[in-house]
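The values are calculated or read from the model by the stated rules, or taken from the named source; none is laboratory data. As the structure is a computational prediction, the values presented were derived from the model and not from experiment. Every residue, glycine among them, receives a Cβ derived from its backbone with ideal geometry; neighbour counts consider all protein chains shown. All accessible areas refer to the heavy atoms of the entire protein, side chains included, with ligands and DNA or RNA removed. Shrake-Rupley method; radii C 1.70, N 1.55, O 1.52, S 1.80 Å.
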Amino acid sequence: MVTHDIAVIPGDGIGKEVVPVSLDLLNVLADIHGGITFQFTEYPWGCDYHLAHGQMMPKNGMEQLKQHEQIFLGAVGDQNLVPDHISLWGLLIKIRRECEQVINLRPVKYLEGVSSPLANPNDFDFMVVRENSEGEYSEIGGTMHSGPDEVAVQNAIFTRKAVERTIRYACALAEERNQKVTSATKSNGIVYSMPFWDKILAEVGEDYPKVEKQSQHIDALSAFLVTKPSSFDVIVGSNLFGDILTDIGAAIMGSIGIAPAANINLDGKYPSMFEPVHGSAPDIAGKGIANPIGQLWSAKMMLDHIDYPELASLLFDAMANTIASGIKTPDLGGKHSTEEVVDEIHKRLLANA
Ligand SMILES: NC(=O)c1ccc[n+]([C@@H]2O[C@H](COP(=O)([O-])OP(=O)(O)OC[C@H]3O[C@@H](n4cnc5c(N)ncnc54)[C@H](O)[C@@H]3O)[C@@H](O)[C@H]2O)c1
Ligand SMILES: O=C(O)C[C@@H](O)C(=O)O
Ligand SMILES: [K+]
Ligand SMILES: [Mn+2]
């Protein structure tokens, strides 16, 4: 029997609803496999923890997390309890940085039975590779003066090392897919970092002659995600560009409640982290109607990552078929609860095992 040691952080809001049901289904999948078990260690870190202890996680929190094989996270943030920049940097971004999860991989795919807001979604299926360690998300800067003279400076950081590895990851991924990388730029307006990014795309791209490389300004690219999403294969972008593009991706998929993500540690030195693209959804928390698909699809990405592609496909098909059969939460125009959706996926897992 192989045991997989997973740290679990439900976090805030609907994280506490969609994470537990996902753990149940992961246990069902382990039973179906017969040769593996999951050992889940739950950490109650988040905004409630901050209210009680003055910080988002304990001082040795990172040491504890680094002991585990992978991390499974729900969502972080509750503006009513803790300012968003404190909660995000104290937990989510802290883990991404300290566990060196330098790539954020986010699939965007049309699912049958979902009403996309697009008139002609045309079966789009692409991957966004988001730089996950630097860029516009930087602690370099500061504020000074007050009143009418008050000023804030925020520096964006682009290192050759991080840009190269992100673009390389995207090109290698495109080689396994449909041989096309679209790079998000804004070299017309952002005159140092973006031409630098474009130069590294050209350099790294030489190692991937079969992959078609294309640069597109982020504003036009955002529009094309809406007007012709099926033309994309792999999109690569900086931390902020990738963040925004994947909310557009989630929107064209039909709901942010279904979009998944993997924060990947490339050398295996520290755990990777699997979490949906969405946040804690304070407006629906506690109502039992959160869509569990984004969290479950993130679990599917974890199964692929730890090399159980068959279990991953079984889970994906059960999820996709559940949606196609019309059993879906209100964000997708359905009338079912989180629990009803999960029960149906559970049934389908057992039926197809
Ligand atoms: N990775 C993360 O943990 C993460 C991501 C985004 C936002 N946040 C944090 O979450 C909090 C709320 O942020 P926000 O409102 O900008 O974004 P959000 O993703 O939490 O919610 C945006 C909208 O989408 C809906 N929604 C999100 N997930 C859903 C689901 N699974 N099922 C049904 N509907 C869903 C919400 O009800 C809301 O109307 C903030 O504190 C923010 O900082 C965290
Ligand atoms: O800004 C972030 O990275 C937090 C959240 O919006 C996300 O996409 O994970
Ligand atoms: K999340
Ligand atoms: Mn985001």
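Paramagnetic label reach from residue 310 (point 7 Å along Cα→Cβ; backbone nitrogen cut-off under 17 Å): within segment 14-55, residues 28-37. With one equal scatterer per alpha carbon and no solvent term, the Debye-computed log10 I(q)/I(0) for the chain at 0.06, 0.07, 0.11 1/Å reads -0.22, -0.30, -0.75. So, in Å, what gap is there between the alpha-carbon centers of segment 61-89 and segment 206-229? Measuring centre to centre over Cα atoms gives 32 Å. Kindly flag which residue pairs out of 180/269; 66/287; 16/300 have an alpha-carbon separation exceeding 23 Å in this structure. Cα-Cα > 23 Å for 180/269; 66/287; rest within.
The calculated FRET efficiency for the pair residue 149 and residue 212, based on their C-beta separation and a Förster distance of 41 Å, comes to about 0.25. For the chain, the antiparallel share of DSSP beta bridges with both residues in that region comes to about 40%. Take the Cα radius of gyration of segment 116-253 and divide it by 2.2 N^0.38 Å, N being the number of residues; the result is 1.15. Expressed as a whole percent, the accessible surface of segment 1-132 that belongs to carbon and sulfur atoms is 48, based on a 1.4 Å probe.
The accessible surface of segment 165-238, taken with every protein chain in place and a 1.4 Å probe, is 54 percent carbon and sulfur.
Considering only 220, 320, 261, the mean-square fluctuation computed in a Gaussian network model of the chain, springs between alpha carbons under 10 angstrom, is largest for 220. Taking each DSSP H run with n ≥ 4 as -39500 (n - 2.57) and averaging over every residue of the chain yields -12500 deg cm²/dmol at 222 nm. Counting only trypsin sites (Lys or Arg not before Pro) that are in a DSSP loop and have at most 15 other C-beta atoms within 10 Å, tell me the longest site-free stretch of the chain. Excluding the exposed sites themselves, the longest stretch runs over 60-176. Peptides 232-239, 151-158 ordered by packing proxy, namely the average of other Cβ atoms within 10 Å per residue, highest first: 232-239, 151-158. For segment 165-209, the set of GluC sites (Glu not before Pro) satisfying both a DSSP loop assignment and a count of at most 12 other C-beta atoms within 10 Å is given as 206.
GNM remark for the chain: springs join alpha carbons under 10 Å apart, and the peak mean-square fluctuation among 145, 278, 336 falls on 145. Solvent-accessible surface of the chain, taken per residue with a 1.4 Å probe and all protein chains present: 43 Å².
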